[in-house]
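What follows is a single structure, written as structure tokens, with notes after it.
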Amino acid sequence: MPTIVIDGKEYEVPQGENILEACLGLGLDLPYFCWHPAMGSIGSCRQCAVIQYQNPEDERGKLVMGCMTPVQDGARFSITNEAASSFREFIIESLMVNHPHDCPVCAEGGECHLQDMTVMAGHRDRRYRGLKKTHRNQYLGPLIHHEMNRCITCYRCVRFYKDYAGGSDLSAMASHDHVYFGRHEDGKLESPFSGNLVEVCPTGVFTDKHLVNDYTRKWDLQSAPSICPGCSVGCNTSPGERYGKLKRVHNRYNPDINGYFLCDKGRFGATYVNSEKRIPAVGRRSKDGLFDAIDSSQALTDIAKGLSTSKVIGIGSPRTSIETNFALQNLVGQQNFCTGISETETALVSACIEAIKESGAKIPSPREIERCDAILILGEDVTNTATRIALSLRQAVRNEAFNMAEGLQLQSWQDAATRMLVQDERSPLFLASPHATQLDDIAEGIFNLSPSNIAHLGYSVASLIEGKKDDAAKKTDANDYGNIAEALLKAERPLIISGTGVTDTSVIKAASSITSALVAKGKETYLSLIYQEANTLGITLLDQGQGPSLSNIFEQGENNSIQTLIIVENDLYRRAAKHKVDKLLQAADQVIVLDILDNETCNQADIVIPASSFAECEGTLINFEGRAQRHFPVFESKHPCRPSWEWLTEIGKISSNKNMLEWQCFDDINKACSESSSTLTGINEVAPDRKYRVGGRKIPRQPHRYSGRTAMVANLSVHEPKQTDDTETPLGFTMEGHSGDRPGELIPFVWAPGWNSNHSVHKLQTGSEGELKGGRSVVKIESKKLIQSKQQVKSVNQNNDQDHFIAVAMYKIFGTGELSSQSPGIIELCESESIELAIEAADKLGVSNGDGVTAHGVNGTVDLEVKINDSLISNCVGIIQGMPGAANINPGEGLSLTRSENWVRRSEIISSDQLGGKNV
Amino acid sequence: MIEAFVSQIRTIWRILLHSFTKAETVQYPEQKPYLAPRYRGRIVLTRDPDGDERCVACNLCAVACPPDCIALQQGTREDGRWYPEFFRINFSRCIMCGMCEEACPTNAIQLTPDFEMCEYDRQNMVYEKEHLLINGTGKYHDYNFYRVSGLKIDGKDKGEAQNEAEPIDVKSLLP
Ligand code: SF4
Ligand code: SF4
Ligand code: SF4
Ligand code: SF4
Ligand code: FES
């Protein structure tokens, strides 16, 4: 490691860094704007100036930009030198010349990098007396608010949006000091990563629109370390609450997973927690069909009584924690516990687990994905099903660029130079999908194929890799797919991506055979398989294929052998055909539903119990890599909800369930779960237990500046209530406690003196994309411990008549998720269509966008709203998962379609974003 | 010893002399003392010269308050202005330090020369916005935050605030 001298002191710094990075790593404060730890340097803002001396005798030195100057052994620098500091002060003064007088009404205030840097650089008084430049704002959709006056032209937004995230609809426009950062016209920012602008922009130009209209400063937010429940990636988040409402979600740095960026579903899709649809109390259906609020302990006693005398089935859920599912499994017994995942999906998950075990490949974290240098995606629409991974893939194709740069001894942080050098050279990425995807723009080869043909492509590539080129068929394969095999073989770290999204087990098997072939060639091969929900893998591992499948439950229902049905956080109408679920819920004598938001299943229940959301309880989720992670309660809900695992444990105790009698707290459940099977061993080590203290102190959820303690609830009583003691976690609902180095999984928010924005995270890191100083526990379930479910599924009949179409599953980042799609802002972005048709198919049926078609499938007929997708291959129709009616069709099945005659088109709904429109 | 004795005597003599000076005590409450306008008493929320609520719900007063006795929630009005949906001061906690007034960037929150706010019931010391908001500008008559700020509100377009130039035409390439 080179040794450099800064202001007379010697420091050892990592090779290859620039001075700015090195200074921040050493804990020295140096102001900056355009540099970003994940995006490198372009040297445009001139804020990070330091003095560099030529040799030990040099007294004057020269001014250099810290972010553009590599460290060199023996080099001498000065931050505090008068010339450097006055230069920096002058720079910030000129950046601030046109800055509006907005801080009090700016949603960035209090976590504004510009405020921090202004103070740090020492600029105090505005000397400029001329007229300030002004700009008009744009309407950028329901998620992001635009206030262009505040821009300091650091170019970070476009560098993130276009260069890093591959967006095309945000750019720098106009010339000289008229430069404008926005879209070519008003409209929603199209990139699914647009929300990161809120954190990437060092000023208040881009802010969270939901927050702007119900604003709370960062110092007033109560936060806890959390995990995004939106998909199977498991990004780390830091949701903030005030007055019992979840106000916003910010990124929580995890070097393995999300790094500095989240997707828009994670950032904006959590405010369903404040929804009006929250179940308000424990309710029992009365004779008139409405629910009466009842005493919860009476309800629990009644339920417990029912348990001992009747046949009980419990249906769990892949969208909630391991602990909740484990509690349910213990309550009803393993043979009566169903994962609540549809038949088709269970088979796919099994195939994935089998693939992981057989292929011998490594399962990469999103960070490791970024290092892979040849990628083949088989069927999975990653941008819609595991959005954060799409961003990692966009970095992975840059490996070619970094290699070229390295050849010229250009450091990887030399962003502009690297991009200029490589132009459009990319590491190879191949995509096979039945329709166009949002990654097409970075793909070297795109194969528009039906799922079964994707599988064929996979097998062909596998045999090409294996080198079996005997028959003629292989020759045509080589023509078509030879370049894929070649690229994978040439790569140092090839990556195959597939998942349950394509709903064809043979595709997953094909992915597995390619990886096996590569492993056999001695390659360091990676295999990434995507699941559809936050805990799909977790619940499958918990079940181990022992419990009944959903269709088995339907059969039991038809034989009238179910007396009590407990459904936990699962809307069955989204999992299976309506008539089947109807029958089941009617057949059971008593249906008990625990859930967060009201839904169709709740409407059919006899007893409904309000469950806590992810932001109000702790729980462990297992992501697509098998990594277990814990989310902690951010706040106490004002609803009478409790975590599902708590309700279930209570019922278990009343009915003297001997396993559950000993469970006193979350840690007990967690420990029991860890001990229950060898697969889940270790999930209690995911985060420190409730007794964890640093110097006898808990970790505060509130910043030390949290205001209003003696007035927040003074309207109810002037006698301040004692702060709730959090006996379940090492965190406290308080501003007092330990806020120094903490384990990564216990960092509720980041702050450091002088650094109020999220940029303060560098004070907690070792190096700019490095590990957290407080350490981090990484619990990953080893592939060899994965247990496959034994369930086998009959393959669905594929009728390939001419009128027949093959149903393929399609996903939407906004809309497919059951809960996220109930968040304000996202609601507006959800489309209502349920089926996508190729143009030819639509022409044949004589339908256009918004019309209805009747689909005749295995489960009878259902009317669906049409959207035309010109990229879809013509014998496939896309069934958009999570949309009305979509659950009536099994992906993979053959369908015939007719135009629906009595379909009523919805009147066009105009976006109701009044404030967004008005403030422009 | 002698010194101490003399000192005692001198003190007694001085106290005695006070019997002949003018009394400072006033017959409160019949007689009110003079309190300067900047006296730090009961807090009010004021209006700007145009008669609109001054407070923009920036939360700076709340964070400056040592006993944390201010709580509020921001909202955005139809006309684009930020305002406090509720604004609460718990006067049973307030120490009349004036930090809130000092922090306020809009001159909205001001302390007034009124200290007579005793209550038998402490709950009555909790003031909401309707109790705090007065119909005037208080001590500072001219300041109107929205005339200075760059935020667009109804009646003040971009470029119409003090010292602002016309909004830039992005499509123009002229210098
Ligand atoms: S961007 Fe920062 S400095 Fe500018 S008005 Fe907003 S909070 Fe103030
Ligand atoms: S909008 Fe923000 S990120 Fe973009 S150039 Fe301006 S200040 Fe920088
Ligand atoms: S005067 Fe002091 S104690 Fe009273 S509200 Fe203002 S800041 Fe708080
Ligand atoms: S500091 Fe002034 S403008 Fe800001 S919230 Fe308090 S009273 Fe309102
Ligand atoms: S951070 Fe170095 S020039 Fe902008």
Pair list, Cβ < 6 Å and 6+ apart or interchain, from the stretch A:386-404 residues that are without any contact (Cβ under 8 Å) to a residue 60 or more places away in the chain to residues that are aliphatic (A, V, I, L, M) and outside any helix (DSSP H, G or I): A:VAL397/A:LEU429
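Per-residue answers, yes or no, for (1) at negative phi; (2) within 20 Å of the chain's Cα centre (by Cα); (3) in the same structural domain as A:ASP870 (by TED's automatic domain parsing); (4) surrounded by fewer than 24 Cβ atoms within 10 Å (Cβ to Cβ):
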site	(1), (2), (3), (4)
A:LEU378	yes, no, no, no
A:ALA386	yes, yes, no, no
A:ILE389	yes, yes, no, no
A:GLU406	yes, no, no, yes
A:LEU429	yes, no, no, no
The listed residue being in a loop (DSSP other than H, G, I, E, B) and away from ligand 2 (no atom under 16 Å from the Cβ), out of B:GLU119, B:GLU101: B:GLU119
Yes/no for A:GLU185 being more than 16 Å from ligand 1 (Cβ to nearest atom), in contact with a strand residue (DSSP E or B) (Cβ under 7 Å, 6 or more places away or on another chain), outside the structural domain of A:ILE827 (by TED's automatic domain parsing) and of a type in the set (Asp, Glu): no
Candidate set from the stretch A:144-181 (those that are aromatic (Phe, Trp, Tyr), more than 14 Å from chain B (Cβ to nearest Cβ) and open to solvent by less than 30 Å² (accessible area, probe 1.4 Å)); member that is nearest to ligand 5 (Cβ to nearest atom): A:PHE160
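Quick check: anything in the stretch A:183-202 within 14 Å of chain B (Cβ to nearest Cβ), touching a Pro at 6+ places or on another chain (Cβ under 9 Å) and open to solvent by 10 Å² or more (accessible area, probe 1.4 Å)? Show your work before the answer.
To start, the set of residues in the stretch A:183-202 that are within 14 Å of chain B (Cβ to nearest Cβ) comprises A:183-186.
Going one step further and asking which of them are touching a Pro at 6+ places or on another chain (Cβ under 9 Å), we end up with none.
Looking through the stretch A:183-202, none of the residues is within 14 Å of chain B (Cβ to nearest Cβ), touching a Pro at 6+ places or on another chain (Cβ under 9 Å) and open to solvent by 10 Å² or more (accessible area, probe 1.4 Å).
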Yes/no for A:VAL5 being buried (at least 22 other Cβ atoms within 10 Å of the Cβ), among the aliphatic types (A, V, I, L, M), touching a residue at least 24 places away in the same chain (Cβ under 8 Å) and touching a strand residue (DSSP E or B) at 6+ places or on another chain (Cβ under 6 Å): no
Filter result for A:LEU648 (closer than 25 Å to A:GLU569 by Cα, in contact with a Gly (Cβ under 8 Å, 6 or more places away or on another chain) and assigned to a helix (DSSP H, G or I)): no
Condition check for A:ASN81: away from ligand 5 (no atom under 16 Å from the Cβ) and either under 30 Å from A:ASP214 (Cα atoms) or in contact (Cβ under 8 Å) with a residue 12 or more places away in the chain (or both): yes
Subset tally (residues that are touching a Leu at 6+ places or on another chain (Cβ under 8 Å), open to solvent by 10 Å² or more (accessible area, probe 1.4 Å) and part of a helix (DSSP H, G or I)) for the stretch A:651-670: 2
Residue check, B:ALA62 away from ligand 2 (no atom under 16 Å from the Cβ) and in contact with a Leu (Cβ under 8 Å, 6 or more places away or on another chain): yes
Single residue of the stretch A:128-143 satisfying the filter (touching a strand residue (DSSP E or B) at 6+ places or on another chain (Cβ under 8 Å) and under 27 Å from A:CYS830 (Cα atoms)) that is nearest to the other protein chains (Cβ to nearest Cβ): A:ASN137
Complete set of residues in the stretch B:83-111 that are in contact with a Pro (Cβ under 8 Å, 6 or more places away or on another chain) and touching a residue at least 40 places away in the same chain (Cβ under 8 Å): B:CYS94, B:CYS97, B:PRO105, B:THR106
Looking only at the stretch B:93-114, and only at residues there that are at the interface with chain A (Cβ under 10 Å from one of its Cβ atoms) and more than 8 Å from ligand 3 (Cβ to nearest atom), the one that is surrounded by the fewest Cβ atoms within 10 Å (Cβ to Cβ): B:PRO105
Checking A:SER412 against (1) open to solvent by less than 10 Å² (accessible area, probe 1.4 Å); (2) farther than 15 Å from A:ILE496 by Cα; (3) hydroxyl-bearing (Ser, Thr, Tyr); (4) not in a helix (DSSP H, G or I), the condition it does not meet: (1)
Residues of the stretch A:586-608 that turn out to be in contact with a Gly (Cβ under 8 Å, 6 or more places away or on another chain) and either aliphatic (A, V, I, L, M) or outside the structural domain of A:ILE566 (by TED's automatic domain parsing) (or both), as a count: 4
Count of the stretch A:76-99 residues which are open to solvent by less than 10 Å² (accessible area, probe 1.4 Å) and either of a type outside the set (Ser, Thr, Tyr) or in contact with a Phe, Trp or Tyr (Cβ under 7 Å, 6 or more places away or on another chain) (or both): 3
Leading residue by the ranking (farthest from ligand 5 (Cβ to nearest atom)) among those in the stretch B:52-71 that are open to solvent by 40 Å² or more (accessible area, probe 1.4 Å) and in a loop (DSSP other than H, G, I, E, B): B:ASP52
Pairs with Cβ under 6 Å, 6+ apart, first in the stretch A:339-351 and part of a loop (DSSP other than H, G, I, E, B), second open to solvent by 20 Å² or more (accessible area, probe 1.4 Å): A:SER342/A:ARG575
Residue satisfying all of: in the stretch A:29-48; small (Gly, Ala, Ser) and near ligand 5 (Cβ under 8 Å from one of its atoms); nearest to A:HIS176 (Cα to Cα) among these: A:SER44
Single match in A:GLN47, A:GLN52 (criterion: farther than 25 Å from A:ALA401 by Cβ, part of a loop (DSSP other than H, G, I, E, B), in contact (Cβ under 8 Å) with a residue 24 or more places away in the chain and more than 16 Å from ligand 3 (Cβ to nearest atom)): A:GLN47
Any chance A:SER516 is touching a residue at least 60 places away in the same chain (Cβ under 8 Å), open to solvent by 10 Å² or more (accessible area, probe 1.4 Å) and not in a loop (DSSP other than H, G, I, E, B): yes
Complete set of residues in the stretch A:213-270 that are under 20 Å from A:ILE826 (Cα atoms), open to solvent by 10 Å² or more (accessible area, probe 1.4 Å), within 14 Å of another protein chain (Cβ to nearest Cβ) and in contact (Cβ under 8 Å) with a residue 60 or more places away in the chain: A:ASN213, A:GLU241
Wholly within the stretch A:813-881, strands (runs of 3 or more DSSP E) carrying at least 1 residues that are of a type in the set (Lys, Arg) and open to solvent by less than 10 Å² (accessible area, probe 1.4 Å): none
Count - residues of the stretch B:139-156 that are under 20 Å from A:GLN138 (Cβ atoms), surrounded by 13 or more Cβ atoms within 10 Å (Cβ to Cβ) and at the interface with another protein chain (Cβ under 9 Å from one of its Cβ atoms): 5
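The values are calculated or read from the model by the stated rules, or taken from the named source; none is laboratory data. Quick caveat, the model's predicted, so the values are computed rather than measured. Heads up, the Cβs are rebuilt from the backbone with ideal geometry, glycines too, and the neighbour counts pull from every protein chain shown. Surface accessibility is based on the protein's heavy atoms, side chains included, excluding ligands, DNA and RNA. Shrake-Rupley method; radii C 1.70, N 1.55, O 1.52, S 1.80 Å.
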